[in-house]
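Read through the structure below, which is laid out as structure tokens, and then see the notes.
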Amino acid sequence: MRWDMFVWASVTLVLLALEAMAPGAFMLWLGFAAAAVFLLVWLLPVPLSALAQVGAFVVLSFVSILIYWRWFRRREPASDQPALNRRGASFIGRVVPLASPIVAGHGRVQIADAFWDVTGPDLPAGTPVRIVDADAMTLKVEPVAEGGGCRPAEHG
């Protein structure tokens, strides 16, 4: 076996092993590119220079990643729980009373047993507010229109 075939077979195996250890679908496509170069070197009757082999690997890597982004990534199913790891985002739309007044744009609400910092217009404590956005650990709120007060099931 020629040295270049051994190198590309080894590169392919290393990249696929890295993908198996840290899945993310990136090393997989580089592994496919390395496997394609291995096949190219093995099947061509004329040996390619090392520069041509590396160039083929770079081009095939770009092509394989482009195929992933255009074809496979677009077909990934949407999550049934998009706010799973963003707890603040899961509260959007909920109506809760202010635990402390909003003064100079900052206040607090209590949701279950946790207090959350909120931003919004200045309002007195106890005013029902609707959570309209979440930024890390801060919730953005707006006052609830007349007749849209807190319902016990929404802020428990």
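Remarks
- Residues that are surrounded by fewer than 16 Cβ atoms within 10 Å (Cβ to Cβ) and modelled with pLDDT under 90 do occur in the stretch 25-37, at least one of them.
- Among the residues of the stretch 10-50, those that are of a type in the set (Phe, Trp, Tyr) and more than 16 Å from PHE62 (Cα to Cα) comprise PHE38, TRP42.
- Scanning the stretch 1-37 for residues that are touching a helix residue (DSSP H, G or I) at 6+ places or on another chain (Cβ under 8 Å), closer than 20 Å to ILE67 by Cβ and small (Gly, Ala, Ser) yields ALA25, GLY31, ALA33, ALA34, ALA35, ALA36.
- Scan of the stretch 84-120 for residues that are polar (S, T, N, Q) and in contact with a Lys or Arg (Cβ under 7 Å, 6 or more places away or on another chain), ordered by number: SER100, THR119
- The residues of the stretch 1-23 that are at pLDDT below 85 and within 27 Å of the chain's Cα centre (by Cα), listed by number, are ALA22, PRO23.
The values are calculated or read from the model by the stated rules, or taken from the named source; none is laboratory data. Here the structure is a predicted model, which is why all the values come from computation and not from measurement. We place every Cβ from the backbone using ideal geometry, glycine too, and count neighbours over all the protein chains shown.
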